[in-house]
Amino acid sequence: MKTKLGIIGVPMDLGQLRRGVNMGPSAIRYAGVIERLEKLGYIIDDYGDVDIPTPDRKSNQMQDGLRNLNEVAEGNRRLAEKVERIIEGDAFPLILGGDHSIAIGSLAGIARHYSNLGVIWYDAHGDLNTSDTSPSGNIHGMPLAVSLGLGHDDLTMIGGYREKIKPENIVIIGARSLDSGEKELIRERGIKVFSMHEVDRMGMTAVIQETIQYLKEKTDGVHLSLDLDGLDPNEAPGVGTPVVGGLSYRESHLAMEMLQEAGMITSAEFVEVNPILDEKNKTATLAVELMGSLFGEKLK
Ligand SMILES: NC(=[NH2+])NCCC[C@H](N)C(=O)O
Ligand SMILES: [Mn+2]
Ligand SMILES: [Mn+2]
């Protein structure tokens, strides 16, 4: 892993309906992310927060079946540019959310620097909807589809090209709430999924070993997109769309530690931390602890 980290906050809450997730980056900063990673010997460049536009009426603005499309698109364009600047400065981009719609901008900025970017999607959800399949119109349920090139041009064309990632370079871990259109897409495109069922049966050790094996040969970089709702709501209560029966505290640390050992992660984002729904900043603190493991705390 690189020794320089470029941290950027994305106070985005327009990709869904629960207010408060825009305060995720502050909560994660308050939980001590910079001090924690500095202690591990990294040089931290804090790029501050991306400016997210405010819609005229903050409730339910639908455009083409997509809630707050213009503002989500513009926020993600700004994020993509900043992420590119971080990579050009030879630093590892560490992105703090914000709702999961920000993965659209993260991946748009990151993917152009790799010819075969891999993605690990650690999440209770697939986030593989388009406006045609979405039950909600919420763009935070769509970023993985958008990054495959599916959906509205205003989202898919951010960065100037459509397909940021290939379906065979994706691994979803922790899924337990997939909509029918998402299941169809997973089948159609052959996307690799370790749902909770597989995690239960195989154990996290084997899941991560297989993930590493699966991505290692064919990718030249791997982005970790970690939605805190991948963890069980008992561990991560501060999320907008909790789903029972999630990944445990130790399973998640083990996953981060094994990814650190493999040395294959080249960028990461931690999203969906909503301090208003949280209990004494527990979820933001958990995010920072997981970052500690991802960046090598066990070894230092
Ligand atoms: N990033 C998230 N928390 N996504 C939740 C998505 C929930 C649901 N599948 C939807 O599309 O509306
Ligand atoms: Mn989720
Ligand atoms: Mn998600």
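Couple of notes before you dig in:
- Point-charge dipole on Cβ atoms (K/R +1, D/E -1) for the range 1-74, about Cα centre, debye to 20: 320 debye
- Using 0.36 nm per residue and subtracting the Cα-Cα separation, the extra length available between Asp45 and Asp200 on full extension is 51.9 nm.
- Over the range 27-121, relative contact order from alpha-carbon pairs under 8 Å, at least 6 apart, %: 22 percent
- Subtracting the Cα-Cα distance of Arg18 and Gln213 from 0.36 nm times their residue separation leaves 66.5 nm of extension gain.
- For the chain, the carbon plus sulfur part of the accessible surface works out to 46%, probe radius 1.4 Å.
- Per residue value of the accessible surface for the chain (all protein chains in place, 1.4 Å probe), Å²: 38 Å²
- When peptides 217-224, 249-256, 77-84, 140-147 are sorted by average Cβ neighbour count within 10 Å, with the highest value leading, the order is 140-147, 77-84, 249-256, 217-224.
- Working note: 222 nm ellipticity from helices only, DSSP H runs with n ≥ 4, each -39,500 (n - 2.57), summed and divided by the residues of the chain, gives -11000 deg cm²/dmol to the nearest 500.
- Relative contact order (%) - criterion: Cα under 8 Å, at least six apart; region: the range 4-299: 23 percent
- Mean shadow area of the range 1-88, taken as a quarter of the surface of its Cα convex hull (nm²): 6.6 nm²
- In terms of Cα atoms, the Rg and Dmax of the chain work out to 17.1, 50 Å.
- Distance (nanometres) between label positions extended 7 Å along Cα→Cβ at Ile34 and Lys183: 4.7 nm
- For Lys218, the lysines whose Cα falls under 18 Å of its own Cα, not counting residues fewer than eight places away in the same chain, are Lys164, Lys166, Lys192.
- Cα-projected label distance for Ser136 with Glu81, points at 7 Å along beta-carbon direction, nm: 2.9 nm
- Rounded to the nearest 20 debye, the dipole magnitude of the range 183-300 is 220 debye, with +1 charges on Lys and Arg beta carbons, -1 on Asp and Glu beta carbons, and the Cα centre as origin.
- Projecting the Cα positions of Leu94, Leu148, Ala175 onto the charge dipole of the chain (unit charges on Cβ atoms of Lys, Arg, Asp and Glu, taken about the Cα centre) puts Leu94 furthest along the positive direction.
- Cross-link partners of Lys282 among aspartates and glutamates (Cα-Cα below 20 Å; sequence separation of 8 or more within a chain): Asp13, Glu35, Asp99, Asp123, Asp227, Asp229, Asp232, Glu235, Glu251, Glu269, Glu272, Glu297
The values are calculated or read from the model by the stated rules, or taken from the named source; none is laboratory data. Remember, predicted model here, so these are calculated numbers, not experimental data. No Cβ is skipped: glycine too gets one built from the backbone with ideal geometry, and neighbour counts run over all protein chains shown. Protein only, heavy atoms only, side chains kept; ligands, DNA and RNA dropped before computing areas. Shrake-Rupley method; radii C 1.70, N 1.55, O 1.52, S 1.80 Å.
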